[in-house]
Amino acid sequence: MNTIETGTDTRTGQDRRRVVLATGNRGKLRELQALLGTAYELVPQSDLGVIDIEETGTTFTENALLKARHAAATTGLPAIADDSGLEVDALDGAPGVRSARYAGVAATDADNNAKLLRALDGLPAAARTARFRSVIVYVAAADDPEPLIAEGVWAGRILDAPRGAGGFGYDPLFFDGAAGGTGAELEPAAKNRVSHRGHAARQLGALLTERGR
């Protein structure tokens with residue numbers, strides 16, 4: 001049975017809906033909490049004892065739904081899940097849905113970045129175009145027949161060496177010419193304005209308001 005829990009933000013007096021976030025990634029938690037605002041209290045599934053489910057989907061949407069439904073079924077809470085990754089044109093869209101596991105199941109960000117640089121070694125800047133893609137879903141319960149699905153894209157290119165100390169994942173290698181920096185160089189607020197996850201989260205926020213979730 002789905003259990004909706006609410007709390008109150010002591011700073012604003014606003015009721016907040018408690019939602020499990022189907023990840024233990026603190027970088028994603030920080031970004032999504034900032035993007036969705038104070039109406040929702042996102043609790044990472046790792047804090048609630050939820051074990052990661054195997055991501056067997058072939059698309060970001062399939063994987064996001066798998067994760068969200070699993071987290072909702074385990075906790076009885078509404079759930080939000082993000083599945084995102086990097087698509088590099090010169091690699092026919094890889095690493096794609098395997099972005100977090102590009103260099104292996106237990107790969108670190110550094111491992112994945114190193115493998116990506118090796119794969120693109122020698123390619124000129126014009127041939128290093130890429131995009132981040134994010135799909136964020138919300139389910140009111142594990143068996144929600146009408147999940148909310150939002151998608152965002154962030155276009156850029158892959159540098160030949162990392163730059164910046166912020167962000168996570170492939171951010172140090174991903175350069176946005178219009179923004180003037182890598183994902184790891186941009187301030188969090190600036191990154192959220194242009195990023196794939198920012199676009200998807202704002203779209204999801206609008207859907208949540210529209211549907212009264």
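Structure notes:
- Note on Val20, Val105, Val153: ascending count of other Cβ atoms within 10 Å places them as Val105, Val153, Val20, the fewest first.
- Remark: the Cα gyration tensor places segment 5-211 in the prolate category, a/c being 1.5 or greater and a/b exceeding b/c.
- Multiplying the residue separation of Asp143 and Thr38 by 0.36 nm and subtracting their alpha-carbon distance yields 35.2 nm.
- Shown here for segment 51-113: GluC sites (Glu not before Pro) in loop regions (DSSP other than H, G, I, E, B) with at most 11 other Cβ atoms within 10 Å, namely Glu54.
- Taking the Cα centre of the chain as reference, the dipole from Cβ charges on Lys and Arg (+1) and Asp and Glu (-1) amounts to some 360 debye.
- Under-5 Å amide H pairs with Ala184, H placed in peptide plane, nonlocal only: Phe174
- Fraction of beta bridges assigned by DSSP in the chain that are antiparallel (%, nearest 5): 80 percent
- Other-chain or far-sequence residues with amide H under 5 Å of Tyr40's (modelled H): Arg17
- Reachable aspartates and glutamates from Lys28, criterion Cα separation under 13 angstrom, eight or more residues apart if same chain: Asp82, Asp83, Asp171
- Here the alpha carbons of segment 92-166 define both size measures, Rg and Dmax, at 15.9, 48 Å.
- Between Phe168 and Val105, the modelled label-to-label distance comes to 2.1 nm, taking each label 7 Å out from Cα in the direction of the beta carbon.
- Whole-Hz Karplus values for segment 152-164 come out as x, 10, 10, 8, x, 8, 9, 6, 9, 7, x, 9, x Hz, taken residue by residue from phi with 6.51 cos²θ - 1.76 cosθ + 1.60 and θ = phi - 60°; glycine and proline positions read x.
No lab work stands behind these numbers, since they all come straight from the coordinates. Model, not experiment: these values are computed from the prediction. In this analysis, Cβ positions are derived from the backbone assuming ideal geometry, glycine residues included, and neighbour counts consider all displayed protein chains.
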